[in-house]
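*Asks:* Attaching a single structure in C-alpha cells format; questions to follow.
The values are calculated or read from the model by the stated rules, or taken from the named source; none is laboratory data. Computed from a predicted structure; not experimentally measured. No Cβ is skipped: glycine too gets one built from the backbone with ideal geometry, and neighbour counts run over all protein chains shown. What goes into the accessible areas is simple: the full protein's heavy atoms, side chains included, and nothing from ligands, DNA or RNA. Shrake-Rupley method; radii C 1.70, N 1.55, O 1.52, S 1.80 Å.
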Amino acid sequence: MRRSISTHIVTMMIAAGCIGCSKAPVINVYSLNVPQVQTESRGAYKEKSIKVTFPQSIKEPLSEKMHFSYTINDRGTYQNSQWSNNMSRILQGTFIEVLDNSKRFKVVLSDMSTLEENYRLESNIFDFEHQVRGKDSYAAVSIQFTLIDADRGRLVKSKRFSYREPTPTTDAKGYAVATNNVIAKLSQDLLKWLK
C-alpha cells in the first residue's frame, strides 16, 4: 500500500513537471523605426527650442496592445503580438528623434525636461489601428499636431495628418510593416509642415 502511494506521488510529480514544461505562446514584439530625414541648414527655428509633449489618444487609451478592427464597432487586440512599449511613448520618442535629426531646432526636449522651451509640439491621436475591411487591410493613423509659441502662449498652427497604408499581410506583422511606412511618410510631412 505504501509503495503504491509513493509510486502515485512520483507519477503526479512527473506529470506536473511535464505540464509545467509545455511552451507558452510566443509573443511577437514590434516597434517603430526612426526614419531617415534630411537635415536643415537654416530656418526660422534654428536658434529655438521645442518641447514634444506626450501624445494624447482621443478615442482609446494606447498601450503596448496592437489594436485591430473589422468594422467601426467590431474591435479587438492581438493576443500574441504587441508593441515594444506604450505606443504614445514610442511615438513621442520617434517625433523627438525625427526633429532632432532634422536639425530644424537648436534643441528638442521631451515633456519631462524642466528647461523652458520656445515652442511646444502637442499631438492628439485620433486613429492608430489595423483596419481589416473584407479583403482590404490597412494601417490607419490619424494624428493632429499643434505648434504653440510657448513664449507668447499662442497657437502658431495646427494640422491633422491621416493615412491608410495597405498592409503586405493581414496579420500583426503586416500591420507593423505598414505602420512603419506610415511613420516614414508622417515624419516627412511633419518636417515640411514645420518649415
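*Asks:* Name the one entry in Asn118, Asn181 that is out of contact with any helix residue (DSSP H, G or I) (no Cβ under 9 Å at 6 or more places or on another chain), in contact (Cβ under 8 Å) with a residue 24 or more places away in the chain and closer than 17 Å to Ile90 by Cβ.
*Replies:* Going through Asn118, Asn181 in turn, just one is out of contact with any helix residue (DSSP H, G or I) (no Cβ under 9 Å at 6 or more places or on another chain), in contact (Cβ under 8 Å) with a residue 24 or more places away in the chain and closer than 17 Å to Ile90 by Cβ: Asn181.
*Asks:* In the stretch 42-82, which residues are basic (Lys, Arg) and more than 20 Å from Ile148 (Cα to Cα)?
*Replies:* Of everything in the stretch 42-82, those that are basic (Lys, Arg) and more than 20 Å from Ile148 (Cα to Cα) turn out to be Arg42, Lys59, Lys65, Arg75.
*Asks:* Under 6 Å by Cβ, and 6 or more places apart or on different chains, what pairs join a residue from the stretch 41-62 that is in a loop (DSSP other than H, G, I, E, B) with one that is open to solvent by less than 50 Å² (accessible area, probe 1.4 Å) and of a type in the set (A, V, I, L, M)?
*Replies:* Listed by first residue and then by second, the contacts come to Pro55/Leu91; Pro55/Ile125; Leu62/Met87.
*Asks:* Another question, then. If you scan the stretch 156-176, which residues turn out to be within 13 Å of Ser81 (Cα to Cα) and either within 15 Å of the chain's Cα centre (by Cα) or small (Gly, Ala, Ser) (or both)?
*Replies:* Matches in the stretch 156-176: Ala172, Lys173, Gly174, Tyr175, Ala176.
*Asks:* Could you please find all residues in the stretch 115-132 being open to solvent by 40 Å² or more (accessible area, probe 1.4 Å) and modelled with pLDDT of 95 or more?
*Replies:* Arg120, Glu122, Asn124, Phe126
*Asks:* Could you grab the pairs with beta carbons closer than 6 Å, sequence gap of 6+ or different chains, first residue in the stretch 79-108 and within 13 Å of Lys51 (Cα to Cα), second one crowded, with 17+ Cβ neighbours inside 10 Å and among the acidic types (Asp, Glu)?
*Replies:* Val108/Asp100
*Asks:* Which numbered condition trips up Val132, out of (1) in a loop (DSSP other than H, G, I, E, B); (2) over 20 Å from Leu190 (Cα atoms)?
*Replies:* (1)
*Asks:* Quick check on my filter: what residues within the stretch 32-79 are more than 28 Å from Lys195 (Cα to Cα) and open to solvent by less than 70 Å² (accessible area, probe 1.4 Å)?
*Replies:* Glu60, Leu62, Ser63, Met66, His67, Phe68, Ser69, Thr71, Gly76, Thr77, Tyr78
*Asks:* Yes or no: Gly93 surrounded by fewer than 17 Cβ atoms within 10 Å (Cβ to Cβ), in a helix (DSSP H, G or I) and not hydrophobic (A, V, I, L, M, F, W, C)?
*Replies:* Yes; evaluated as a whole, the condition is true for this residue.
*Asks:* Exactly one of (1) part of a loop (DSSP other than H, G, I, E, B); (2) open to solvent by 40 Å² or more (accessible area, probe 1.4 Å) is unmet by Phe105. Its number?
*Replies:* Condition not satisfied by Phe105: (2).
*Asks:* Select from the stretch 149-181 the residues that are open to solvent by less than 20 Å² (accessible area, probe 1.4 Å) and among the aliphatic types (A, V, I, L, M) and write down the one among them that is farthest from Lys65 (Cα to Cα).
*Replies:* So the residue we want is Ala178.
*Asks:* Determine, yes or no, whether Gln92 is modelled with pLDDT under 95 and within 23 Å of Gln188 (Cα to Cα).
*Replies:* Criteria not met by Gln92.
*Asks:* I've got another one for you. In the set Tyr175, Tyr138, which member is of a type outside the set (Gly, Ala, Ser) and outside any helix (DSSP H, G or I)?
*Replies:* Exactly one of Tyr175, Tyr138 is of a type outside the set (Gly, Ala, Ser) and outside any helix (DSSP H, G or I), namely Tyr138.
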